[in-house]
Amino acid sequence: MTRLGVNLLWIRPGRVGGTEDFMVRLLRGLLEVEHEFDVTAYAQPGFVSAHPELSGLRFVTTPFDTDSRIARVGLEHSWLAWRTRRDRMDVVHHGGGTVPAVGTSPRVVTIHDLQWRDYPQYVPPSKLRYLRFATPRTLARAAVVTTVSEFVKRTVVDAYDIDARRIVVTHHGMEADLGRSGTPEAELRMKYGLGDRPVVVYPAMTYPHKRHDFLVD
């Protein structure tokens, strides 16, 4: 059986938006279907307590929780590399868009977007410098690159001139029961005073790069 490690160290529960949802749904899917992997997830203790629905997975937690980006990157480049080597992982999936500079296991990396290239003004300078340094090296070190859409795949190919055949598109999953217990339309219209006007629902966090202004225009 293939030993699969999943790197979740970059997740601060409730603060990274869609990438956290993506990884939680991915792991839930591994719990609900038969597969040929022996899965170990590496995370901060706060992630484990925030997601009891994943209690069926094997977790290895860091020695401490931290909100510091520098500390989390440091853990990826040191503790995670040591621990996955000790656990003899056959492959490690990095879902946060970058791959640590150290580590011996074959690596799979998921690129969610390159919005930091299009909207650098919305990215903290230290993070921007790190991504500019780490992303091309990540693409070079990864055995497989996945993206969440064909659009993101094209942006990666165009930005870094890599072989498109190295990239596999893996769309976001959705829970099988999503929408089954939704609030009736009439109740929502009354609650929010919407009347009978057309309504657009844009399920995105209110970060500037989500371009809510463009949608409204």
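Solvent-accessible area per residue for the stretch 44-167 at a 1.4 Å probe radius, Å²? Averaged over the residues of the stretch 44-167, the accessible area is 52 Å².
With all pairs of separate Cα atoms included, the stretch 55-205 yields a Kirkwood hydrodynamic radius of 18.6 Å. Once you sort the root eigenvalues of the Cα gyration tensor of the stretch 148-217 as a ≥ b ≥ c, which label holds: rounded (a/c under 1.5), prolate (a/b larger than b/c) or oblate (the other case)? The shape class here is oblate. Rounded to the nearest 0.05, what FRET efficiency do Tyr122 and Arg86 have when you use their Cβ-Cβ distance and R0 = 35 Å? The computed FRET efficiency comes out at 0.35. Under 29 Å of direct C-alpha separation, and excluding same-chain neighbours fewer than eight residues apart, Lys127 reaches these lysines: Lys153, Lys210. For Lys191, give me every one of the aspartates and glutamates with a C-alpha distance below 18 angstrom, ignoring sequence neighbours fewer than eight places off in its own chain. Hits, sequence-local ones excluded: zero. Rounded, prolate or oblate for the stretch 152-192? Axes are the square roots of the Cα gyration tensor eigenvalues, ordered a ≥ b ≥ c, and the cut-off for rounded is a/c under 1.5. Oblate, since a/c reaches 1.5 and b/c is not below a/b.
If you roll a 1.4 angstrom probe over the protein chains with everything in place, what fraction of the accessible area of the chain belongs to carbon and sulfur, to the nearest %? For the chain, the apolar C and S fraction of the accessible surface comes to 55 percent.
In a DSSP loop and with at most 16 other Cβ atoms within 10 Å, the chymotrypsin sites (Phe, Trp or Tyr not before Pro) in the stretch 2-98 are Phe64.
The values are calculated or read from the model by the stated rules, or taken from the named source; none is laboratory data. Note that the coordinates shown come from a computational prediction; the quantities given were computed from them, not determined experimentally. Cβ sites come from the backbone with ideal geometry, for glycine too, and all protein chains shown count toward neighbours. We work out accessible area using only protein heavy atoms, side chains counted, and drop any ligands, DNA or RNA first. Shrake-Rupley method; radii C 1.70, N 1.55, O 1.52, S 1.80 Å.
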